[in-house]
Amino acid sequence: MTIRIPNGSLIHMGTVYGATKAMSAVSNADPGVATLEASHGIATGEIFEVLTSGWSRLDGKVIKAGTVATNDVPLAGVNTTSTSIYAAGSGVGTVREVSTWVQITQILDSNSNGGEQQFYEYQLLEADAQRRIPTVKTAYGLTLTVGDDASLAGYSALESANDDRSQRAVRVTFPDGSKLYFSAIWTLNKMPSLTVNTAMALQVTLSLLNEPMRYTS
């Protein structure tokens, strides 16, 4: 068993993307393989964002490309073999390559929230105890407290993300080198905190669009 602390972790926002490309098919396999339109530009090991997909568990994911063969791009770490979850032929959609990342620096505090399992609870007339069935999980979120400095590249990226409210890829790099990827809508509270003897700070919120993907290398 290994217990880790997050000290030294880095958070980046995807700021520059390749052109949106059609995903005409996704196989039911482990890993699933996406067929992209020609000149998609995604090479082995690169990161791309699924903008849309008929599979809700794939829609909004940020994924590493496996070994690319022309227009066939494996979705590293994504097992799509279950046709009850990933209905055959329904995973089509669009993707885009993430080409530039900007670090969000001066993070003073962070707090992840959401993801709590919800339940339907019921009791049979003849029973003396309730039962429950898992239903949905609450929406995932991440809140950052960032030192106020409008001269930073990260501030400009946050400002742009807040203004257009478009989804952007996120990369969290942990001290051991593993990485967490997800897509989120960013918002920025441009009014800094004004507490005496305390660093002026801004609140940044990330509303995740799907569960994160984690890669050890």
Can you name every residue in the range 194-204 that is hydroxyl-bearing (Ser, Thr, Tyr) and touching a Phe, Trp or Tyr at 6+ places or on another chain (Cβ under 7 Å)?
none
Any chance residue 42 is over 15 Å from residue 210 (Cβ atoms) and either hydroxyl-bearing (Ser, Thr, Tyr) or modelled with pLDDT of 95 or more (or both):
yes
Exactly one of these conditions fails for residue 159: (1) touching a Ser or Thr at 6+ places or on another chain (Cβ under 9 Å); (2) closer than 13 Å to residue 104 by Cβ; (3) not in a strand (DSSP E or B). Give me its number.
(1)
Looking at the range 26-42, which of its residues are among the small types (Gly, Ala, Ser) and either surrounded by fewer than 17 Cβ atoms within 10 Å (Cβ to Cβ) or part of a loop (DSSP other than H, G, I, E, B) (or both)?
27, 29, 32, 38, 39, 41
Candidate set: the range 57-88, residues that are hydroxyl-bearing (Ser, Thr, Tyr) and without any contact (Cβ under 8 Å) to a residue 60 or more places away in the chain; chosen: the one farthest from residue 210 (Cα to Cα):
70
Please go through the range 166-200 and pick out each residue that is closer than 16 Å to residue 141 by Cβ and among the charged types (D, E, K, R).
168
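For every residue, the table says whether it meets (1) under 20 Å from residue 92 (Cα atoms); (2) out of contact with any strand residue (DSSP E or B) (no Cβ under 6 Å at 6 or more places or on another chain).
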position	(1), (2)
4	no, yes
11	no, no
19	yes, yes
30	yes, yes
38	yes, yes
45	no, yes
50	yes, no
59	yes, no
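Being part of a loop (DSSP other than H, G, I, E, B) and either within 17 Å of the chain's Cα centre (by Cα) or among the hydroxyl-bearing types (Ser, Thr, Tyr) (or both) narrows it down to one residue among 60, 91; which is it? Before the answer, list the steps.
Values: 91 fails: either within 17 Å of the chain's Cα centre (by Cα) or among the hydroxyl-bearing types (Ser, Thr, Tyr) (or both).
That would be 60, the only listed residue that is part of a loop (DSSP other than H, G, I, E, B) and either within 17 Å of the chain's Cα centre (by Cα) or among the hydroxyl-bearing types (Ser, Thr, Tyr) (or both).
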Do we have any residue at all in the range 105-128 that's open to solvent by less than 70 Å² (accessible area, probe 1.4 Å), assigned to a loop (DSSP other than H, G, I, E, B), modelled with pLDDT of 95 or more and of a type in the set (Phe, Trp, Tyr)?
no
Return the residue satisfying two criteria in turn: it lies in the range 43-57 and is open to solvent by 20 Å² or more (accessible area, probe 1.4 Å), assigned to a loop (DSSP other than H, G, I, E, B) and of a type outside the set (S, T, N, Q), and of such residues it is nearest to residue 13 (Cα to Cα).
46
Kindly check whether there is at least one residue in the range 63-70 that is open to solvent by 40 Å² or more (accessible area, probe 1.4 Å) and not in a strand (DSSP E or B).
yes
Condition first: in a strand (DSSP E or B), open to solvent by 20 Å² or more (accessible area, probe 1.4 Å) and without any contact (Cβ under 8 Å) to a residue 40 or more places away in the chain. Now tell me which residues in the range 174-217 satisfy that.
179, 180, 185, 187, 189
Just to verify a result, which residue in the range 129-154, among those that are in contact (Cβ under 8 Å) with a residue 40 or more places away in the chain and part of a loop (DSSP other than H, G, I, E, B), is nearest to the chain's Cα centre (by Cα)?
140
Residues located in the range 132-173, provided they are hydrophobic (A, V, I, L, M, F, W, C) and surrounded by 16 or more Cβ atoms within 10 Å (Cβ to Cβ):
142, 144, 146, 152, 157, 158, 161, 169, 170, 172
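The values are calculated or read from the model by the stated rules, or taken from the named source; none is laboratory data. None of these values were measured; they are calculated from a predicted model. For neighbour counting, all protein chains shown are included, and Cβ atoms are generated from backbone atoms with ideal geometry for every residue, glycine included. For accessibility, only protein heavy atoms count, side chains too; no ligands or nucleic acids. Shrake-Rupley method; radii C 1.70, N 1.55, O 1.52, S 1.80 Å.
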